[in-house]
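Shown next, in structure tokens, is the structure this report addresses.
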Amino acid sequence: MQTTIYYGPWLCNAALLARCARRCVAEGHVPLLGCIWLADIKGDWQGRFMALPAAAGGRLAVTHCCCDYPTVTDLQRRRSTWNNARPGFRETWGREFGAWPQSGGRNWPGHHIFDLLHGGHPTAPANVLPVPQLVHDVFNGAYPACYSRGGRWSAAGPDRPYVD
């Protein structure tokens, strides 16, 4: 199995925007203010099936729906929880996916997909994605714009915003 991660941020395509709109309605946090396509995880498998060569693969779009979530009052507690849990989180993540990525001997930041300011869980395994520092900085700059009404992130983008 080979995993490749393509990092955005990109505009969500029409299908992802529609999925986000349904999510906002289901959670009671309407309207949808925007959608950020953070990353696309591509998995390719090669092996044998019934003694014949075989190959398969799939993709997972990692998105954040900027529903009309209220901001939390306990942001500092959430950040402290993440800071205290970070080493153990990386170790647990590494047992499943391999060592936590590094650049220049420094661990990549863990980006909270559902951001802490709007209620994201600090240590939920499906809420943290390792990203290079420069990408993390871009993501953090995109979130406030996603929560602003009528901003750039409310428009639909292409079906697939990159070529591999």
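The values are calculated or read from the model by the stated rules, or taken from the named source; none is laboratory data. Computed from a predicted model, the values in this text were never measured in an experiment. In this analysis, Cβ positions are derived from the backbone assuming ideal geometry, glycine residues included, and neighbour counts consider all displayed protein chains. Keep in mind that these areas ignore ligands, DNA and RNA; they rest on the heavy atoms of the full protein, side chains included. Shrake-Rupley method; radii C 1.70, N 1.55, O 1.52, S 1.80 Å.
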* To do: Please provide three numbers in whole Å: the alpha-carbon extents of region 51-94 along the principal axes, with the largest listed first.
  => 58, 31, 8
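Sorting Thr71, Thr123 by accessible area (1.4 Å probe), largest first, what list results?
Thr71, Thr123
Ranked by accessible surface with a 1.4 Å probe, highest first, in what order do Arg19, Arg77, Arg86, Arg149 come?
Order by accessible area, largest first: Arg149, Arg77, Arg19, Arg86.
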* Structure fact -> Simple SL model, points at 7 angstrom along Cα→Cβ for Asp159 and Val72; separation in nm is 3.8 nm
* Within the accessible area of the chain, what % is carbon and sulfur when the probe is 1.4 Å and the other protein chains stay in place? -> 57 percent
* Asked: Accessible surface of Met50 in the full protein assembly, 1.4 angstrom probe, to the nearest 10 Å²?
  -> 150 Å²
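Ratio of Rg to Rh for the chain, alpha carbon only, Kirkwood? Write down the numbers at each step before the final one.
Values: Rg = 17.3 Å, Rh = 17.3 Å.
Checking Rg against Rh, the ratio lands at 1.00.
Rounded, prolate or oblate, given the Cα gyration tensor of region 54-130, with a/c below 1.5 counting as rounded?
Working: a/c = 2.48, a/b = 1.31, b/c = 1.90.
The shape class here is oblate.
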* Between region 1-78 and region 95-131, the Cα center-to-center distance that results, in Å -> 14 Å
* **Heavy-atom accessible area ranking, 1.4 Å probe, most first, across Phe89, Phe139** => Phe89, Phe139
* Gain in span if fully extended, Ala26 to Ile5, counting 0.36 nm per residue against the direct Cα distance -> 4.6 nm
* **In Å², nearest 10: area of Phe114 left accessible to a 1.4 Å probe** => 40 Å²
* Once you have the Cα-Cα distance between Gln102 and Ala14, take 0.36 nm times their residue separation minus that, and quote the gain in nm to one decimal. => 28.3 nm
* **Geometric extent, Cα atoms of region 19-67 - Rg, Dmax (angstrom)** => 17.5, 52
* Which whole-number value in Å² is the accessible area per residue of region 26-99, probe 1.4 Å? -> 61 Å²
